[in-house]
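S.K.: Please read through the structure below; I'll follow up with questions.
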């Protein structure tokens, strides 16, 4: 894909916006899972029911450790001969290493095939731009051709957003060139912003292994099946769902600050004078020089009382925003 990378190096991104944007997903990776036993292997390892998807339907899912703590969150796309897991590049080695431990005698292949695909994300409220067949009409619906995969993902109201993967540099360049006539070119923060506003968490090295999936609202966004049977951490997840009381969950918020927090940064109770484990930042993006939007997971009672502050910026007010789905 060198022609694609050479083309991208000549593109210039503009200030972040989330109405009509186009970005290259250079920090997003593709993990291929193939082989005769790939379906059952993923069924035994992931939180969602892999049997419920086909080449026309994608799925949100997670991979956890034995304690029920999520190691990764990703989109799963079924392709001819296997599956693609879409996840941040910086956690792919850890996920691949952990999954490899469970293969044992199974006929399963794991491979990082990120460099074989151009990876593009778009968001738009201009319906006239997305009339081609390769723009699926429904959320999680997938279009596939010999060279292009396109998935519609959840977005803000009256917007459509798509993940597009092409193994043809020429096709990707032509697609980008056409879209850039009407969409503003952003960097990958555009993709992160779209997930944040959609209330979809992303895990990074600083937060991998920190949260049970219900804390990240995955039970509300289609990221888990409670009927599929066993997977790593399933007992913890099921016990929390049916017997326990959820004490932490994910919130959407904004702050007025020129310093955006990082994933894993801590929040504390405002009356405490030191970190107290009240919460952690999941992801955050600077939307303009003075404002930042973020997802964080925290103790529910403290967050709903607006009693939390960032440990590194205790003077800044954390203003809660409504998530786009019901709690």
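The values are calculated or read from the model by the stated rules, or taken from the named source; none is laboratory data. All of these numbers come straight from a predicted model, not from anything done at the bench. Please note: Cβ atoms are built from the backbone with ideal geometry, for glycine as well, and neighbour counts cover all protein chains shown.
S.K.: State which residue is nearest to residue 38 (Cα to Cα) when the search covers only the stretch 95-110 and only residues that are in contact with a strand residue (DSSP E or B) (Cβ under 7 Å, 6 or more places away or on another chain) and not in a loop (DSSP other than H, G, I, E, B). Please lay out each step first, then the result.
M.R.: Let us first name the residues in the stretch 95-110 that are in contact with a strand residue (DSSP E or B) (Cβ under 7 Å, 6 or more places away or on another chain), namely 95-96, 98-100, 108-110.
Filter once more, so that each one left must be not in a loop (DSSP other than H, G, I, E, B): 95-96, 98-100, 109-110.
Values: 95: 16, 96: 14, 98: 15, 99: 12, 100: 12, 109: 8, 110: 9 Å.
Filtering the stretch 95-110 for residues that are in contact with a strand residue (DSSP E or B) (Cβ under 7 Å, 6 or more places away or on another chain) and not in a loop (DSSP other than H, G, I, E, B), the one nearest to residue 38 (Cα to Cα) comes out as 109.
S.K.: A follow-up question, please. Going through the stretch 104-158 one residue at a time, which ones are on the phi > 0 side of the Ramachandran plot and more than 22 Å from the chain's Cα centre (by Cα)?
M.R.: Going residue by residue through the stretch 104-158, those that are on the phi > 0 side of the Ramachandran plot are 104, 140, 158.
Residue satisfying the conditions is 104 alone.
S.K.: Right, next: Here are some conditions: (1) within 29 Å of residue 152 (Cβ to Cβ); (2) in a loop (DSSP other than H, G, I, E, B); (3) in contact with a strand residue (DSSP E or B) (Cβ under 9 Å, 6 or more places away or on another chain). Residue 195 meets all but one. Which one does it not meet?
M.R.: All conditions are met except number (2).
S.K.: Now, a different point. When you go through (1) crowded, with 17+ Cβ neighbours inside 10 Å; (2) under 30 Å from residue 49 (Cβ atoms) one by one for residue 327, which number turns out not to apply?
M.R.: Here residue 327 clears every test but (1).
S.K.: Restricting attention to the stretch 300-310, does a residue exist that is touching a residue at least 60 places away in the same chain (Cβ under 8 Å) and in contact with a strand residue (DSSP E or B) (Cβ under 7 Å, 6 or more places away or on another chain)?
M.R.: Within the stretch 300-310, the subset touching a residue at least 60 places away in the same chain (Cβ under 8 Å) is none.
Taking every residue of the stretch 300-310 in turn, none turns out to be touching a residue at least 60 places away in the same chain (Cβ under 8 Å) and in contact with a strand residue (DSSP E or B) (Cβ under 7 Å, 6 or more places away or on another chain).
S.K.: Among the strands (runs of 3 or more DSSP E) contained in the stretch 224-317, which hold 2 or more residues that are over 17 Å from residue 73 (Cβ atoms) and touching a helix residue (DSSP H, G or I) at 6+ places or on another chain (Cβ under 6 Å)?
M.R.: On the way: elements: 248-256, 266-269, 279-288, 291-299, 308-310.
Per the criteria, no element qualifies.
S.K.: Is there a residue being at pLDDT below 95, at negative phi and either surrounded by fewer than 18 Cβ atoms within 10 Å (Cβ to Cβ) or assigned to a helix (DSSP H, G or I) (or both) anywhere in the stretch 160-170?
M.R.: No - not one qualifying residue is present in the stretch 160-170.
S.K.: Which of the numbered conditions does residue 174 fail, given that it passes all the others? Conditions: (1) surrounded by 22 or more Cβ atoms within 10 Å (Cβ to Cβ); (2) part of a helix (DSSP H, G or I); (3) without any contact (Cβ under 8 Å) to a residue 40 or more places away in the chain.
M.R.: (1)
S.K.: Only one residue in 131, 202, 124 is without any contact (Cβ under 8 Å) to a residue 60 or more places away in the chain and not assigned by TED's automatic domain parsing to the domain that holds residue 288, so which one is that? Give the steps one after another, and end with the answer.
M.R.: On the way: 202 fails: without any contact (Cβ under 8 Å) to a residue 60 or more places away in the chain; 124 fails: without any contact (Cβ under 8 Å) to a residue 60 or more places away in the chain.
131 is the lone residue from the list that is without any contact (Cβ under 8 Å) to a residue 60 or more places away in the chain and not assigned by TED's automatic domain parsing to the domain that holds residue 288.
S.K.: Against the definition (under 30 Å from residue 132 (Cβ atoms) and modelled with pLDDT of 95 or more), how does residue 200 come out, yes or no? Give the derivation first.
M.R.: Details: under 30 Å from residue 132 (Cβ atoms): yes; modelled with pLDDT of 95 or more: yes.
Judged against the criteria, residue 200 is a match.
S.K.: With 166, 225 as the choices, which residue is touching a residue at least 24 places away in the same chain (Cβ under 8 Å) and over 30 Å from residue 13 (Cα atoms)? Steps first, please.
M.R.: Working: 166 fails: over 30 Å from residue 13 (Cα atoms).
On inspection, the qualifying residue turns out to be 225.
S.K.: Of all the strands (runs of 3 or more DSSP E) wholly in the stretch 22-91, which have at least 2 residues that are more than 23 Å from residue 141 (Cβ to Cβ), assigned by TED's automatic domain parsing to the domain that holds residue 109 and touching a residue at least 24 places away in the same chain (Cβ under 8 Å)?
M.R.: Working: elements: 28-34, 59-64, 70-79, 82-88.
Once the strands (runs of 3 or more DSSP E) in the stretch 22-91 are filtered for at least 2 residues that are more than 23 Å from residue 141 (Cβ to Cβ), assigned by TED's automatic domain parsing to the domain that holds residue 109 and touching a residue at least 24 places away in the same chain (Cβ under 8 Å), what remains is 59-64, 70-79.
S.K.: Just to be sure I understand, how many residues within the stretch 111-125 are crowded, with 21+ Cβ neighbours inside 10 Å and part of a strand (DSSP E or B)?
M.R.: 7
S.K.: Using the structure shown, decide if residue 99 is under 17 Å from the mean Cα position of the chain (by Cα), at pLDDT 95 or above and either buried (at least 18 other Cβ atoms within 10 Å of the Cβ) or closer than 26 Å to residue 220 by Cβ (or both). Even if it seems obvious, please write down each step before you answer.
M.R.: Working: under 17 Å from the mean Cα position of the chain (by Cα): no; at pLDDT 95 or above: yes; either buried (at least 18 other Cβ atoms within 10 Å of the Cβ) or closer than 26 Å to residue 220 by Cβ (or both): yes.
No: the conditions fail for residue 99.
S.K.: Inspect all residues belonging to the stretch 11-30 and state whether any of them is surrounded by 19 or more Cβ atoms within 10 Å (Cβ to Cβ), modelled with pLDDT of 95 or more and over 18 Å from residue 195 (Cβ atoms).
M.R.: Within the stretch 11-30, not a single residue is surrounded by 19 or more Cβ atoms within 10 Å (Cβ to Cβ), modelled with pLDDT of 95 or more and over 18 Å from residue 195 (Cβ atoms).
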